[in-house]
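Student: Sharing a structure below in structure tokens format, with a few things to ask.
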């Protein structure tokens with residue numbers, strides 16, 4: 001690129017038409033001049049050939065993505081991860097903020113993804129590794145999206161739970177258990193104190209446990225549990241399936257008494273979720289399969305918070321995400337960033353409930369709560385409830401007892417002296433993890 | 001896991017019910033015993049809690065994924081790429097073949113993705129890095145999929161081109177050019193000899209170039225070009241958009257004369273493509289945004305050929321993919337594997353046309369052809385046609401002249417002596433790349 005070519009892909013943050021642009025933060029590693037690499041990154045994701053041959057025109061002022069800030073982080077002898085057919089020489093790591101004119105595609109998730117993490121950024125001259133770190137939407141763009149239909153407030157209203165975390169449980173065994181005993185387990189967990197009993201993300205409309213039969217049984221059991229306990233309950237049914245079956249499965253499940261629906265966001269597609277959002281009568285809950293495949297590594301792919309923001313934009317009321325602890329191979333910062341992506345202000349888009357999960361049980365609740373320093377989260381054990389020695393009812397009770405102790409400022413081990421379910425959980429799943437210091441409020 | 005626990009996740013390839021299982025090939029890096037890691041990989045993607053508490057049952061014989069073969073490739077001091085919160089100690093790299101019972105989810109793409117590249121494989125105890133390398137489907141599973149409606153043979157029939165590659169061109173400038181001059185460029189490229197003039201993957205239904213207006217103009221121009229040249233032409237319109245607009249956009253575009261449709265597979269979602277396949281009246285063409293974000297690195301993510309196979313299964317008649325050369329950061333082997341995934345036998349599923357692309361022009365055609373050793377591919381220049389000094393008509397002519405030379409066994413430089421468009425292409429885009437030796441037939 002010539003000097004003039006480069007200048008067409010730069011903009012001054014002070015004079016930028018903020019409402020007309022998405023802001024994109026990328027990390028990248030490049031050969032050669034980082035300024036030129038950043039300009040290529042802009043040109044490849046917008047208008048790489050900005051004039052016709054033999055015509056005096058320039059599409060860049062209106063249609064080009066443009067560099068707002070570029071920071072060179074360091075130099076290194078090679079890319080952080082080996083890349084096929086790489087050129088040779090010093091590698092520079094950089095962080096860039098780009099303004100991308102959303103008129104290029106409009107308020108459409110597939111077209112947004114195609115531009116900001118498509119062929120342009122990932123096949124850019126000189127850039128061997130790249131990660132889309134974050135995305136910021138102006139209000140004019142957000143205004144075209146419906147976002148969560150119920151959100152955190154709507155879910156709390158439905159459950160009549162306002163001052164504590166929401167307690168989920170994944171009914172186990174997840175694969176192979178026929179609908180009747182599956183239903184018995186869910187029913188017992190509600191009686192024990194769970195708010196939401198849910199299908200595993202891998203259990204959907206299988207021949208040996210059809211969605212119709214499962215929702216018929218669990219829907220009725222959910223109503224019995226509500227009568228018995230006197231409090232609202234949710235059966236969260238997994239309707240993850242081919243896109244052209246989603247609306248029909250929604251209707252079957254909801255008519256049968258499922259009063260929230262699970263969808264695996266990326267496998268079904270964020271745009272299909274947006275379609276379902278326009279149809280749904282109950283809260284929608286997203287689960288995280290496939291996201292780690294492009295988000296786990298520090299220096300390549302797409303950061304998980306980008307997908308969390310898009311899940312919220314698409315209309316999920318709840319987003320289940322990898323939680324704290326080494327089991328989920330996700331750093332504490334990343335978990336907090338995803339929680340913030342659910343709860344932070346986002347134009348007129350409602351907050352959705354973050355559910356950071358992974359091998360949880362009564363003893364891990366306090367750690368999650370202390371790290372987040374809010375009650376606006378969901379807690380989702382699997383075996384911690386359904387593998388409890390006293391059964392799902394005892395497992396659910398152990399979770400509620402753990403929260404009672406936390407809310408009352410009583411050490412868990414002390415509370416366990418009078419609460420056999422909590423005692424049993426500690427014996428079976430312990431020892432208790434160390435509790436991290438409380439964070440300053442977000 | 002105990003020895004008995006491990007045994008429940010192993011199977012003998014000789015006695016396996018082949019029709020009941022998908023075969024999955026993974027690369028992984030783990031701490032500890034690779035046999036135990038492989039068993040966890042099976043349990044996490046199927047039935048990790050295979051019995052209820054206090055009940056004498058075992059779901060594994062019917063529902064567990066099982067290890068068929070495990071090869072330990074080597075030992076290394078750490079993971080190939082740093083992983084958050086990793087345990088310490090020697091890392092072993094392994095390759096495993098797993099049999100996954102498809103009864104767990106049935107012939108559904110989102111549920112397949114959730115199981116084979118979801119939470120199970122990517123959050124597996126002991127396994128810090130993993131890549132799904134390949135997937136093999138039994139005929140009983142494939143029988144539930146429609147696959148391409150037209151396939152390679154149908155596309156050749158439509159174009160009446162049987163003995164050479166199919167020549168595509170991406171109309172440029174891709175972003176910002178209004179419909180009228182955009183149409184003029186496409187029309188000129190057809191007159192010059194292009195089979196298929198296409199929208200860029202980032203150009204869809206934008207306010208400044210609506211799909212309705214663009215397809216109306218290009219559809220009419222396509223018919224004029226057919227009359228003028230006497231041969232069939234295709235206008236490939238990009239209908240990538242929100243899922244609930246796909247079928248309506250199909251109807252608008254096809255009614256207006258677009259006679260093939262482009263969809264960005266991953267941004268829209270493979271399942272939405274399958275929905276569109278059931279509706280379409282014209283060939284469907286897949287483009288590759290977002291795939292590199294999880295496929296580029298050797299030791300993490302999902303191999304691109306898995307997605308190519310799924311694109312074919314979902315019903316694409318044509319799959320555009322990163323092609324040869326350092327520009328596309330994709331090794332020759334990977335390009336060939338993706339081409340094979342389009343053309344190889346796959347039960348009753350028709351072959352689809354592979355289009356390995358990236359910064360092509362007349363001079364790169366021979367290299368692609370020699371590497372593939374088949375005429376069953378598409379060639380898709382952008383600026384190589386639309387940035388040609390003699391305009392799109394000259395650019396298209398230069399591609400056809402290059403093929404004439406190759407088919408006649410004449411060196412390109414020799415043919416260029418009598419063909420000014422080819423001569424001009426070499427002057428503008430050259431020098432000619434070195435031609436690789438011909439491969440042995442696939």
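Student: Connecting C-alpha atoms closer than 10 Å in a GNM of chain A, tell me which of A:158, A:227, A:401 has the biggest fluctuation.
Tutor: Per the Cα network of chain A with a 10 Å cutoff, A:227 tops the list.
Student: Can you give the three extents of the C-alpha atoms in the protein assembly as shown along their principal axes, from longest to shortest, in whole Å?
Tutor: 95, 66, 54
Student: Still on this structure, I have one more. Peptide A:321-330: average number of partner chain Cβ atoms within 10 Å per residue? Display every interim value, and only then the final one.
Tutor: Numbers: counts 0, 3, 0, 1, 1, 5, 4, 5, 10, 3.
That works out to 3 on average.
Student: What nm value, rounded to one decimal, do you get for the distance between residue A:345 and residue B:140 when each label is placed 7 Å out toward the C-beta?
Tutor: Label-label distance for residue A:345 and residue B:140, simple model: 5.8 nm.
Student: When DSSP beta bridges are limited to those with both residues in the stretch B:1-102, what percentage is antiparallel, rounded to the nearest 5?
Tutor: Just about 95 percent of them are antiparallel.
Student: Next up: Sequence gap at least 6, Cα distance under 8 Å: using those rules, report the relative contact order of the stretch A:298-359 to the nearest whole percent.
Tutor: 40 percent
Student: Any chance you could check the Cα centroid distance between the stretch A:322-367 and the stretch B:108-136 for me, in angstrom?
Tutor: 22 Å
Student: Please report, for residue B:227, the nm distances (one decimal) from its label point, 7 Å out from Cα along the beta-carbon direction, to the equivalent points in the remaining copies, shortest first.
Tutor: 7.4
Student: Counting only C-alpha contacts under 8 Å and six or more residues apart, can you give the relative contact order of the stretch B:151-429 as a whole percent?
Tutor: 20 percent.
Student: Which percent, nearest 5, of DSSP beta bridges in the protein assembly as shown are antiparallel?
Tutor: Bridges in the protein assembly as shown that DSSP calls antiparallel: roughly 50 percent.
Student: Determine, for each peptide in A:305-318, B:387-400, the mean count of other beta carbons within 10 angstrom over its residues, then list the peptides with the highest first.
Tutor: Ranked by mean Cβ neighbours within 10 Å, highest first: A:305-318, B:387-400.
Student: Kindly state, to the nearest 0.05, the FRET efficiency for residue B:220 paired with residue B:76, given R0 = 60 Å and r defined as their beta-carbon distance.
Tutor: Computed FRET efficiency for residue B:220 and residue B:76: 0.45.
Student: Would the stretch B:26-148 count as rounded, prolate or oblate if I go by the C-alpha gyration tensor, calling it rounded below 1.5 in a/c and otherwise prolate when a/b exceeds b/c, oblate otherwise?
Tutor: Values: a/c = 2.15, a/b = 1.39, b/c = 1.54.
It is oblate, given that a/c is not under 1.5 and a/b is not larger than b/c.
Student: What FRET efficiency comes out for the pair residue B:227/residue A:248, r = Cβ-Cβ distance, R0 = 35 Å, nearest 0.05?
Tutor: Numbers: r = 45 Å, r/R0 = 1.29.
Once rounded, the FRET efficiency stands at 0.20.
Student: Follow-up question, since we're still on this one. Classify the stretch A:135-248 from the C-alpha gyration tensor, please: rounded if a/c falls under 1.5, else prolate or oblate depending on whether a/b exceeds b/c.
Tutor: Judged from the Cα gyration tensor, the stretch A:135-248 comes out oblate (a/c at least 1.5, b/c at or above a/b).
Student: When each copy gets a label point 7 Å from Cα toward the beta-carbon at residue B:433, what are the spacings between them in nm, shortest first?
Tutor: Once sorted, the set of distances for residue B:433 reads 4.9 nm.
Student: Still on this structure: In whole Å, how far is the Cα centre of the stretch A:166-194 from that of the stretch A:284-305?
Tutor: So the separation of the two Cα centres works out to 28 Å.
Student: At 7 angstrom along the Cα-to-beta-carbon line, where would the label on residue B:332 sit relative to the other copies? Give the distances in nm, shortest first.
Tutor: 5.1
Student: A follow-up question, please. How big is the stretch A:317-433 by the Kirkwood estimate over distinct Cα pairs, in Å? Don't skip to the end; give the middle numbers.
Tutor: Details: mean 1/r = 0.0680 Å⁻¹.
Kirkwood hydrodynamic radius for the stretch A:317-433: 14.7 Å.
Student: Grab the beta carbon distance between residue A:255 and residue B:36, set R0 = 60 Å, and tell me the FRET efficiency rounded to 0.05. Before the final figure, lay out each step's value.
Tutor: Values: r = 45 Å, r/R0 = 0.74.
My answer for the efficiency is 0.85.
Student: Using just the helices of chain A, give the 222 nm mean residue ellipticity in deg cm²/dmol: DSSP H runs with n ≥ 4 each add -39,500 (n - 2.57), and the total is spread over all residues, rounded to 500.
Tutor: Taken over chain A, the calculation gives -11000 deg cm²/dmol.
Student: By its C-alpha gyration tensor, with a ≥ b ≥ c as the square roots of the eigenvalues, how is chain A shaped: rounded for a/c under 1.5, else prolate for a/b larger than b/c, else oblate?
Tutor: Because a/c hits 1.5 or more and a/b exceeds b/c, chain A counts as prolate.
Student: Follow-up question, since we're still on this one. Just the number, please: percent antiparallel of the DSSP beta bridges in chain A, rounded to the nearest 5.
Tutor: 50 percent
Student: Once both labels are modelled 7 Å past Cα along the beta-carbon direction, what's the residue A:3-residue A:15 spacing in nm?
Tutor: Result for the modelled spin labels: 1.9 nm.
Student: Considering the rotation that carries chain A onto chain B, locate the chain A residue whose Cβ comes closest to its axis and report the distance in whole Å.
Tutor: Residue plus distance in Å, as requested: A:269, 1.
Student: Picking from A:200, A:33, A:376, which is most flexible by a Gaussian network model of chain A using Cα springs under 10 Å?
Tutor: Checking each option, the largest mean-square fluctuation is seen for A:33.
Read-outs throughout are calculated quantities, based only on the coordinates presented, and are distinct from any laboratory measurement. Treat the numbers as computed from the prediction; the structure is a model and nothing was measured. Cβ atoms come from the backbone with ideal geometry, glycine included; neighbour counts cover every protein chain shown.
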